[in-house]
Amino acid sequence: MSRTGLTERIREEAARLLADGTVDVVIGFEQGSLPLRATPCFARDAADAGRLVWNAFCGNNLSRYIRRFDKRVGIVVKGCDTRSIVELIKENQVQRDNLVIIGVPCDGMVDEGILQGLCKGREILSVEEGDGVLVVTDAGRTMRIPRDECLHQGCRVCTQRNPVIHDILAGEPVQEQPGDTYRDVAGFAAAPPDARWARITGEMDRCIRCYACRDACPLCYCANCFVDATMPQWVGKSVGGSDTLSFHLMRSLHLAGRCVECGACERACPMGVDIRTLHRKVSSDVAGLFGYKPGMSLSEPAPLSRFEPDDPEDFMTGGSPCAE
Amino acid sequence: MRGVNEMSAVRLGKGDVAGFLEGLLADWTVVAPVMHDGIVSFRAITSGTEADLDYSNSAQSPKGVVLPQVETLLSCPCSSPEGEDVVEHTPEPGRVVLFGVRPCDARGIGFLDRVFGEGANGDNYYASRRESLLVVSLGCSHPLATCFCTTTGGGPFSTEGSDLIMAEHGDEYIVFAVTENGATFLSRHGLSKAAESAVQAVLSAAETSVAEMQPRVGLSILKGSLDGSFDAAAWNTLTEKCVGCGVCTYVCPTCHCFDIVDEVSGGSRVRNRIWDSCQFPCFTRQASGFDPRPTYRERYRQRFMHKFSFCTDRYGTPGCVGCGRCVTECPVNLDIRRIMAFFSEKRGEE
């Protein structure tokens, strides 16, 4: 189904859900104020629903917002976003019955940074989506760029483009990509500890601790994040040193077995910090140790909330399977 | 270009910039735009070739030159008895030139001067850094669609906060002195005088560039509207998409709120001044646990009203220079210009 078709379908479904009182609000996307941005939209009536869109820039994970509502909520979501909803339901953060999930089969979201890189600093004035291509106009020229070459890194290795759960499916299911081998982090995983440390510290040196990564993350919902605690204060507030690292390392471990790799954190970062590699590595460890992939099933217990006699315990008895 | 000395304008060939900066490095710390890992940042350079003036704007503003994100105010060894051996860390930056900043960011420093530098409450840490700073700005021949400097009282060739301002002219920059410090600097560096025709050409181009950026809203209308809108229901919907991160405040050239934090570092107790953000939950949470700004709604409103109402009351100028960074970097595209337009048009009636 074309983009226009998806947009029309989402608008129709949202308008219907709002009109018949099934939901009080539909959380979707509308065109943003910039050519490369779609922006969250909270539609409450038919006129609002008419503003909803679907395009290559619907990168935000809107499930971030659903915990704010205690009533019936409609939400427009990609495959990865439904995985985070699954985790939120399993963690008793939202009631499945309160949600009307409008799932959109996704063929990957476009990385604004890649397009801007191709335009070499010239400002992008407009982007139109054609069949598998993006027609990008900057201050100097118009270019036709294959869509697949502009996708976010996370989208390139995504194995769940179709919604895991949904009430309404907007559009035909898309072909899933091959199963995840974590080969994109194989090089990082195989590097000696010193090299991995240098890579992570090098990235985190750019962090300005604005916490956009945390605040964009659907699963970072702690009422009091450990970095905000003052009695006791677990982490110092300085930048560029162990405090920054502590934040990212603790956050990545807190998301172990929960992170669905939607990429919301990395897209939110204003400094281009590669947060993804760290989370991907932890995900590959969870997959290797527990055979668990977050957000794929409402019934499968989360690895850190169950115990099996044959759970790997090498980390207690010496050796580190994670380093393999 | 207000206040520039046309007669003493000099030329600096684009190809000569690296050599010029290299020559400064003997006596100056040169902070310039540097491209690294795909983003542009202001950094102290070690070689003239590192500076990259072919940029639109940096990811973060250069305000850290006068207000570092983390600044140690005091320290004492952990081994010392309480209250003894306390050292005050007054900055001694030497001579620093901030080279190639955009006029909006130079105005940002001009704004911070009003907050930290003036009157009986002048901040000596800020003053130490500011007094040793020379600001060389680079006028904007090609403002971005996200720029709105003229709306907040500036412009693509605004000279406020600058000691010198450069304007592109073909393969050279025409450099104008704005302040006496700037004129003295120019007189010591033996750059050749700019051709009269070039000076007139860039002045005329600057005027055109300013005229092409019509202000989006009237600041006094906006302020009048805001002053009656503190409890407007519209804040609920306007701010609903905010996720409560601190991006807007940390990329902003004028946001200046900080926290004073005592930490232990390398065997010393240190008292640091660290940027804080009104968007964070800890910013207004009181000892009792009560928070007068409990959600993104009150926090966003605070930032917006601080910029366009409270700062105007206090400093006679808005706390926004229209650089557009918060527009570009907000993870959810909560565009401050739309909020400005809303209150200007609605005049607070909602």
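What follows draws every value from the coordinates through simple rules; no lab data is involved. Note that the coordinates shown come from a computational prediction; the quantities given were computed from them, not determined experimentally. Please note: Cβ atoms are built from the backbone with ideal geometry, for glycine as well, and neighbour counts cover all protein chains shown.
DSSP beta bridges confined to the protein assembly as shown are antiparallel in about 70 percent of cases. Compared with the dominant principal axis of the Cα atoms in chain A, helix A:3-19 is inclined by about 90°. Give the shape of the range B:168-276 as rounded, prolate or oblate, defined through the alpha-carbon gyration tensor: a ≥ b ≥ c are the square roots of its eigenvalues, a/c under 1.5 means rounded, and otherwise the shape is prolate if a/b is larger than b/c and oblate if not. Here the range B:168-276 falls in the oblate category. The value given for the range A:27-98 is a Kirkwood hydrodynamic radius of 12.9 Å, derived from the mean inverse Cα-Cα separation. Working note: Karplus 6.51/-1.76/1.60 with θ = phi - 60° gives the range B:104-109 the couplings 5, 6, 5, 5, x, 5 Hz, where Gly and Pro are set to x.
Among A:ASP131, A:ASP205, A:ASP311, the ranking by other beta carbons within 10 Å of each residue's beta carbon, starting with the fewest, stands as A:ASP131, A:ASP311, A:ASP205. Counted without the sites themselves, the longest stretch of chain B free of trypsin sites (Lys or Arg not before Pro) in a DSSP loop having at most 12 other beta carbon atoms within 10 Å is B:3-187. The antiparallel fraction among DSSP beta bridges confined to chain A stands at about 65%. For peptide B:136-144, the mean count of partner chain Cβ atoms within 10 Å of a residue's Cβ comes to 1. Peptide B:279-292 has a mean shielding of 2, counted as Cβ atoms of other protein chains within 10 Å of each residue's Cβ. Compute the distance from the alpha-carbon center of the range A:161-180 to that of the range B:98-118, in whole Å. Rounded to whole Å, the Cα centres lie 50 Å apart.
Annotation for B:ALA18 and A:ALA190: the two label points, set 7 Å from Cα along the Cα-Cβ direction, are 3.7 nm apart. How about B:LYS223: which lysines have a C-alpha closer than 23 Å to its C-alpha, ignoring those fewer than 8 places off in the same chain? Within the straight-line cut-off, B:LYS223 pairs with B:LYS307, B:LYS346. Beta bridges from DSSP with both residues in chain B: antiparallel share about 75 percent, rounded to the nearest 5.
Per-residue ellipticity at 222 nm, computed for chain A from helices alone with -39500 (n - 2.57) per DSSP H run of at least four residues, works out to -9000 deg cm²/dmol.
Convex hull of alpha carbon positions in the range B:52-112: directionally averaged projected area 6.3 nm². Taking every residue in B:237-247 and counting other chain Cβ atoms within 10 Å of its Cβ, the average works out to 6. In terms of its C-alpha gyration tensor, the range B:125-172 comes out oblate, because a/c is 1.5 or above while a/b does not outweigh b/c.
For A:TRP54, A:TRP197, B:TRP235, the sequence from fewest to most other C-beta atoms within 10 Å is A:TRP197, B:TRP235, A:TRP54.
Straight-line cross-link partners of A:LYS281 among the lysines, defined as a Cα under 16 Å from its Cα and at least 8 positions apart when in the same chain: A:LYS293. For chain A, modelled as a GNM whose springs connect Cα atoms under 10 angstrom apart, the maximal fluctuation among A:MET231, A:MET143, A:MET109 occurs at A:MET231. Between 0 and 90 degrees, the angle of helix A:193-204 with respect to the longest Cα principal axis of chain A falls at about 40 degrees. With the Cα gyration tensor of the protein assembly as shown giving a ≥ b ≥ c as the square roots of its eigenvalues, does the rule (a/c under 1.5 for rounded; else a/b larger than b/c for prolate; else oblate) give rounded, prolate or oblate? Judged from the Cα gyration tensor, the protein assembly as shown comes out prolate (a/c at least 1.5, a/b above b/c). To the nearest ten degrees, helix A:242-254 and the longest principal axis of the Cα atoms of chain A are 70 degrees apart. Mean residue ellipticity at 222 nm, helices only, chain B: -8000 deg cm²/dmol; runs of at least 4 DSSP H residues each add -39,500 (n - 2.57), and the sum is divided by the number of residues. Residue-normalised convex hull volume from the C-alpha trace of chain B: 158 Å³ per residue.
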